[in-house]
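The next block holds one structure in the form of structure tokens; read it before the comments.
Read-outs: derived from the displayed coordinates by stated rules, not from any lab. Source: prediction; values computed, not measured. Neighbour counts run over all protein chains shown; Cβ positions are idealised from the backbone, glycine included.
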Amino acid sequence: MSGSTPVHLLTGFLGSGKTTLLRRMLADPAMAGAAVLVNEFGEIGLDHELLERVDDTVVLLKSGCLCCTVRGELAEALLSLHSRCARGEVPFFDRVAVETTGMADPYPALSTVRSHLVLRSHYRNAGVVTTVDAVNAPGLLDTRLEALRQIGAADLLVLTKTDLAAPGRVSDLVARLAAVNPSARVVTAPEATAADFLAEAGDTPAAPASALPHHRHGTFRAETPVTSFSLEIEEPIDWTGFGLWLTMLLDRHGENVFRVKGILNLQGEERPVAVHGVQRLVHSPVHLERWPDGRRASRLVFIVHGLDHARIEASFRAFDAMSRRVAARRTAA
């Protein structure tokens, strides 16, 4: 390997569509030589599995979203990837895409590449792509400092879920994004191409967090703990019962459920079904072609704010048991 390898940072708040965008970008021939580093917030690597590009050039960081932890592991992963490629242990790669956790501050990751004495001889910051959820972003800009930092760091802002938001809401959001980061290009997710994703912004110093505008409206909750937990269910799940439970949970606590994401083993279905919800917005389920690890078990990951993990799990177990009793009575009748 010679010269410096460009590193493209993909960031965006929880549920803003980073993995969906990256999966589409990786299908483009322009990304054929890319290595991928995925940083997850959660106990189960569902984002890694759902990328459906699992080989020796894909590295999964499981530690979480703490910037100091991300900084250390990102440097180690990039150095290891370079060394393994030089030894012929992994295929040659011509660029690296790093998907951060939804709660990450992007600036430590950028400064890692720029300031690390060894890394900067092999890699360079090529640009930051930030996904912005057109439905939930207006509220996040008032309450989540992380979202502001991710937008402030962007060279390219990719608006997602614009089909679910009113046109006036989208135009207002674009104006607000311009006030936060007037230098960033803005495209909608359907229009975004690999050329947009790979466009290099130049290795310019990252702006400090203190340079971000101060928003007077709303209260930042950055100091409030956000936690993740997972559920694993071996028996097939009744889809109707699950849908009712999830609807009730999000209706009652949606603003504090930053994400629920999972792979379900449904009764009567051979293929796994992927589900994804952000706050009170639940996306249409998607059938996957295969089970990522061969195990036919349902796995759900929750990222929540101020909610008791045990109570959520207990409510699911109770609802699931009730659904099974109802189904058994139907079968007996």
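Subtracting the Cα-Cα distance of residue 30 and residue 176 from their residue separation scaled by 0.36 nm leaves 49.4 nm. The Kirkwood radius of the range 221-333, taken over pairs of alpha-carbon atoms, gives through the Stokes-Einstein law at 37 °C and 0.692 mPa s a diffusion coefficient of 221 µm² s⁻¹. Estimated from the Cβ-Cβ distance and a Förster radius of 30 angstrom, the FRET efficiency linking residue 324 and residue 227 is about 0.55. Rounded to the nearest angstrom and listed largest first, the equivalent-ellipsoid semi-axes of the range 99-138 from its Cα gyration tensor are 27, 10, 7.
Around residue 246, with a cut-off of 13 angstrom between Cβ atoms, what is the net charge of the other residues, counting Lys and Arg +1 and Asp and Glu -1?
My count for the surroundings of residue 246 gives +1.
So if R0 is 30 Å, what FRET efficiency would residue 282 and residue 83 give, r being the distance between their Cβ atoms, rounded to the nearest 0.05?
E between residue 282 and residue 83, to the nearest 0.05, is 0.10.
Rg of the Cα atoms in the range 259-318, relative to 2.2 N^0.38 Å, amounts to 1.22. For the peptides 158-166, 132-140, residues were scored by their other Cβ atoms within 10 Å and the scores averaged per peptide; the highest-first order is 132-140, 158-166.
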